[in-house]
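Working notes, beginning with the structure itself.
The values are calculated or read from the model by the stated rules, or taken from the named source; none is laboratory data. Here the structure is a predicted model, which is why all the values come from computation and not from measurement. Using ideal geometry, Cβ is built from the backbone for each residue, glycine included, and neighbour counts are taken over all protein chains shown.
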Amino acid sequence: MQQTSRVKTLVLGLIGVVVLASGCQTNHSINPDNPAVLDNSKFMSLWETYSDCKLSSDFNRASAGMQQLSSAAILSQQNEGYDGFVLPLPTQLERLVSNPANRLAVDLHAMTAACSLHTGQLALHEGHIDEARQAFASILTLNQNLSPYYVLQAKRFLTELERGIDIAAKTP
């Protein structure tokens with residue numbers, strides 16, 4: 001009798017372990033309707049675009065990367081604050097709860113700014129003054145929480161551009 005209860009306990013324990021292990025292995029799918037979710041393949045594509053932009057010595061290639069990153073940054077800013085989950089709370093408590101912060105490991109706006117700086121420098125090097133000005137000015141229109149480094153660099157290049165054009169215009 002004691003033997004059968006031990007066997008039953010052992011069998012129930014094994015079944016419990018199997019159920020627990022299979023529960024841990026289930027696929028937790030991400031809701032594809034949530035525009036704020038940045039899946040890994042999309043992120044890796046943006047990271048490759050950023051890397052290509054930063055490593056490129058060709059203005060046209062860097063410019064294409066800058067445009068792609070800029071579009072993604074604008075889209076992420078529009079979707080900011082949407083996490084796809086609504087906690088049903090009474091209205092008295094609802095005002096006390098804020099949306100969770102974005103948990104991306106990188107700042108898409110900073111990636112865009114870094115690419116724009118590089119693209120502007122390439123444009124200057126190749127003599128595309130208007131394109132350089134646009135690349136540097138685009139940094140100033142990015143998110144307000146952008147690192148001051150990028151803003152200061154863009155302003156410095158824009159100031160140098162204006163001085164260079166003023167000098168060139170005044171020389172006979």
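Brief remarks follow.
- The residues of segment 41-72 that are of a type in the set (A, V, I, L, M, F, W, C) and in contact with a His (Cβ under 7 Å, 6 or more places away or on another chain), listed by number, are CYS53, PHE59, ALA62.
- Test: residue in segment 77-90 that is under 21 Å from GLN134 (Cβ atoms) and at pLDDT 80 or above: no
- Residues being over 15 Å from SER57 (Cα atoms) and either part of a helix (DSSP H, G or I) or out of contact with any helix residue (DSSP H, G or I) (no Cβ under 8 Å at 6 or more places or on another chain) (or both) - total across segment 107-159: 32
- Residue in segment 149-165 that is closer than 24 Å to CYS53 by Cα, in contact with a Gly (Cβ under 8 Å, 6 or more places away or on another chain) and either at pLDDT below 90 or surrounded by 13 or more Cβ atoms within 10 Å (Cβ to Cβ) (or both) present: yes
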